[in-house]
Amino acid sequence: MRVFRWVLVTSTLFVVFRAPAGQAGGQAGGQAAGGVHDNRASLNYQNCLLGFYICDAAQLTAEQQQAVARAERERLVQVCVYGSDACNLVHLTAEEQQAVAEGARKRNYQNCLHGFDLCDAARLTADEQEAVTQAANKRNYKDCIVGFYGCDASQLSAEQQEKIARAARKRNYQSCLHGFYGCDVAQLTAEEKEAVARAAAERKW
């Protein structure tokens, strides 16, 4: 009898103990399912917010739909501000169109400032034209100082022309000294000719 009572009591205790555990398992399963749903809803919201194709607007809340509409509007404006062919000014407000025009003006100025082909000098202000001219002169001087093709010496000052002439003589001397193509021996001084002759003799060895 003592054994039976022990087993009975033990079994009863076991049943009482396992019942809450079963309930907890059901709650955990429900929480896991809810977490998966929340993750999917969050991912869908991000897809809609970024304008991705895989967006289910029907799953969004009213607040999320408003945020998505604002994001879409901002993308539409930015497309026009950056001068994309996909821009449709019809959908923009007067203020937004003004911002787009300002963006186009800035892009044109930068194109002119860096000497790009897509430059419309007629759209520049007087100050911008002066800055563009100075930038062009600097680029031309750099091209001339290193001997690049396209150098326009007529745009240089007398001081710049003198510096460029010295730089050209140095380049010619280095070319002769190392036996490079383009050496003009006639431009060398007597001392330079001797150095070039010695360098040529050493190379033969």
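A few notes on this one:
- Evaluation of Gly182 against (1) over 30 Å from Glu202 (Cβ atoms); (2) part of a loop (DSSP other than H, G, I, E, B); (3) more than 27 Å from the chain's Cα centre (by Cα) (one fails), failing number: (1)
- Any hit, region 184-202, residues being among the basic types (Lys, Arg), under 26 Å from Ala121 (Cα atoms) and open to solvent by 60 Å² or more (accessible area, probe 1.4 Å): no
- Of residues in region 141-169 being charged (D, E, K, R) and surrounded by 12 or more Cβ atoms within 10 Å (Cβ to Cβ), the one nearest to Ala195 (Cα to Cα): Arg169
- In region 170-179, the residues that are open to solvent by 90 Å² or more (accessible area, probe 1.4 Å) and more than 40 Å from the chain's Cα centre (by Cα): His178
- Any hit, region 77-89, residues being in contact with a helix residue (DSSP H, G or I) (Cβ under 9 Å, 6 or more places away or on another chain), in a helix (DSSP H, G or I) and either modelled with pLDDT of 90 or more or open to solvent by 90 Å² or more (accessible area, probe 1.4 Å) (or both): no
- Applying the condition of being of a type outside the set (S, T, N, Q) and not in a helix (DSSP H, G or I) to region 94-140 and asking which residue is most open to solvent (accessible area, probe 1.4 Å) yields Asp117.
The values are calculated or read from the model by the stated rules, or taken from the named source; none is laboratory data. Treat the numbers as computed from the prediction; the structure is a model and nothing was measured. Please note: Cβ atoms are built from the backbone with ideal geometry, for glycine as well, and neighbour counts cover all protein chains shown. To get the accessible areas, we keep the full protein, side chains included, count just its heavy atoms, and leave off ligands, DNA and RNA. Shrake-Rupley method; radii C 1.70, N 1.55, O 1.52, S 1.80 Å.
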